[in-house]
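Engineer: Pasting in a structure now, in structure tokens, and then I'll have a few things to ask.
The values are calculated or read from the model by the stated rules, or taken from the named source; none is laboratory data. If you're wondering where the values come from, they're calculated on a predicted model, not measured in any experiment. Backbone-built Cβ (ideal geometry, glycine too); neighbour counts: all protein chains shown. Areas reflect the complete protein model, heavy atoms only, side chains present, ligands, DNA and RNA absent. Shrake-Rupley method; radii C 1.70, N 1.55, O 1.52, S 1.80 Å.
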Amino acid sequence: MTDRKALMADKHRIVIKIGSSSLQHPETGDLDYTKLDVLVRELCDLKNQGKDVVLVTSGAIAVGEKAILPNKGEDDNPIAVKQACAAVGQARLMMIYQKIFAEYNQVAAQILMTKNTIVDNLNRYNAQNTFAELFKLGVIPVVNENDTVATYEIGIGDNDTLSAIVAALVEADMLLLLSDIDGLYTDDPRANPDARYIEVVEELTEELMNMGKISTGSSVGTGGMSTKLQAAKIANSTGVDMVIANSKDIKVIHRILSGQNIGTLFLAHEDKHFDLPLYVQQQHPYEKGV
């Protein structure tokens, strides 16, 4: 049995990912400002404890759609329209984050990434230097995919994977994925009432990887359990423990990091032979001319 309290006590650099569906009111699709405020407060409190914190946030496209396409669903939009929505939505989303962070006297920085940030050696080196300097300056980086220019990333929609990449890049020791599900189950609990909840994953076997489902049941987010398991593979292979937990109550962040038995814990098994740039390139190869 893993002692979560002892495990979490040693965590000093934490990456937290929150998805689109966790940031919006399900009835309207508009931003849930109460949740955003609690999220920022939780992050600032972790920072005040002397921890380094990174937020990986989704929501740019959804926010942009509400601003300029209020009567159209996301599935109706071609790539160019999604890029336009991302351009509007990312600016709005970051403005809101900046305002809330300022209320807690905390400086935040925006970092937009693509997979080329990792695959290209110079880009990766520069990104690492930027994160390192922001940590030194006491700044909380807010990361998203650069959906305005990265058409291929929009198609994948895997900020779960991006958060694991960021965790590996900054040498974090904990990755927390906040989603609309309590953790990992043996099957989709929405469809199968006999699905068994898994508290701790000590090793990511092929059988577990195959449990991933493409859909989470959310019409807003585009990642599913399969992307979360891919994130776990990246995180665990690069020495990062990971937890999947439900974002229904954002205060779950400090409860998890204080050692409470919440969410599915994926224990790290660092693989010295794991090549992050190569893995990213193989999993999501670029299509020339896209």
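Engineer: Answer yes or no as to whether Ile111 is part of a strand (DSSP E or B) and of a type in the set (Val, Ile, Thr).
Structural biologist: Yes, satisfied.
Engineer: Scan the range 161-197 for residues that are of a type in the set (S, T, N, Q) and under 14 Å from Thr264 (Cβ atoms) and report the count.
Structural biologist: Selection size over the range 161-197: 2.
Engineer: For the range 61-71, does any single residue satisfy the condition of being at pLDDT below 90, in a helix (DSSP H, G or I) and under 17 Å from the mean Cα position of the chain (by Cα)?
Structural biologist: Checking the range 61-71: at least one residue is at pLDDT below 90, in a helix (DSSP H, G or I) and under 17 Å from the mean Cα position of the chain (by Cα).
Engineer: Condition first: under 21 Å from Lys17 (Cβ atoms), of a type in the set (Ser, Thr, Tyr) and either in contact (Cβ under 8 Å) with a residue 60 or more places away in the chain or surrounded by fewer than 17 Cβ atoms within 10 Å (Cβ to Cβ) (or both). Now tell me which residues in the range 174-203 satisfy that.
Structural biologist: If the condition is that a residue be under 21 Å from Lys17 (Cβ atoms), of a type in the set (Ser, Thr, Tyr) and either in contact (Cβ under 8 Å) with a residue 60 or more places away in the chain or surrounded by fewer than 17 Cβ atoms within 10 Å (Cβ to Cβ) (or both), then Ser179, Tyr197 are the ones that fit.
Engineer: Name every residue in the range 2-58 that is of a type in the set (A, V, I, L, M) and without any contact (Cβ under 8 Å) to a residue 60 or more places away in the chain, in order of residue number. Full working, then the answer.
Structural biologist: Just the residues of the range 2-58 that are of a type in the set (A, V, I, L, M), to begin with: 6-9, 14-16, 18, 23, 31, 36, 38-40, 43, 46, 53-56.
Listed by number, the list holds a single entry, Leu23.
Engineer: Right, Leu134: crowded, with 17+ Cβ neighbours inside 10 Å and under 25 Å from Gln260 (Cβ atoms) or not?
Structural biologist: no
Engineer: Please determine, by comparing only the residues of the range 116-139 that are among the aliphatic types (A, V, I, L, M) and closer than 30 Å to Leu278 by Cβ, which one is farthest from the chain's Cα centre (by Cα).
Structural biologist: Going through the qualifying residues, I end up with Leu122.
Engineer: Restrict the check to the range 91-104 and report whether at least one residue is touching a residue at least 12 places away in the same chain (Cβ under 8 Å), touching a helix residue (DSSP H, G or I) at 6+ places or on another chain (Cβ under 8 Å) and not in a helix (DSSP H, G or I).
Structural biologist: Yes, the range 91-104 contains at least one residue that is touching a residue at least 12 places away in the same chain (Cβ under 8 Å), touching a helix residue (DSSP H, G or I) at 6+ places or on another chain (Cβ under 8 Å) and not in a helix (DSSP H, G or I).
Engineer: Suppose we filter Leu184, Leu178, Leu204 for residues that are over 25 Å from Val119 (Cβ atoms), over 11 Å from the mean Cα position of the chain (by Cα) and not acidic (Asp, Glu); which single one remains? Show your work before the answer.
Structural biologist: Values: Leu178 fails: over 11 Å from the mean Cα position of the chain (by Cα); Leu204 fails: over 25 Å from Val119 (Cβ atoms).
That would be Leu184, the only listed residue that is over 25 Å from Val119 (Cβ atoms), over 11 Å from the mean Cα position of the chain (by Cα) and not acidic (Asp, Glu).
Engineer: Whether any residue in the range 59-82 is under 20 Å from Glu133 (Cα atoms) and free of Cβ contacts under 8 Å to residues at least 40 places away in the same chain is what I want to check.
Structural biologist: So far as the range 59-82 goes, no, none of its residues is under 20 Å from Glu133 (Cα atoms) and free of Cβ contacts under 8 Å to residues at least 40 places away in the same chain.
Engineer: For the range 88-115, which positions are of a type in the set (S, T, N, Q), over 18 Å from the mean Cα position of the chain (by Cα) and open to solvent by 50 Å² or more (accessible area, probe 1.4 Å)?
Structural biologist: Hits for the range 88-115 are Gln98, Asn105.
Engineer: If I ask for residues that are assigned to a loop (DSSP other than H, G, I, E, B) and within 25 Å of Lys228 (Cβ to Cβ), which ones from the range 16-60 would you list?
Structural biologist: Gly19, His25, Pro26, Gly29, Asp32, Lys51, Ser58, Gly59
Engineer: For Lys35, only one of the following conditions fails: (1) within 22 Å of His254 (Cα to Cα); (2) open to solvent by less than 70 Å² (accessible area, probe 1.4 Å); (3) in contact with a Phe, Trp or Tyr (Cβ under 9 Å, 6 or more places away or on another chain). What is its number?
Structural biologist: The single condition Lys35 does not satisfy is (3).
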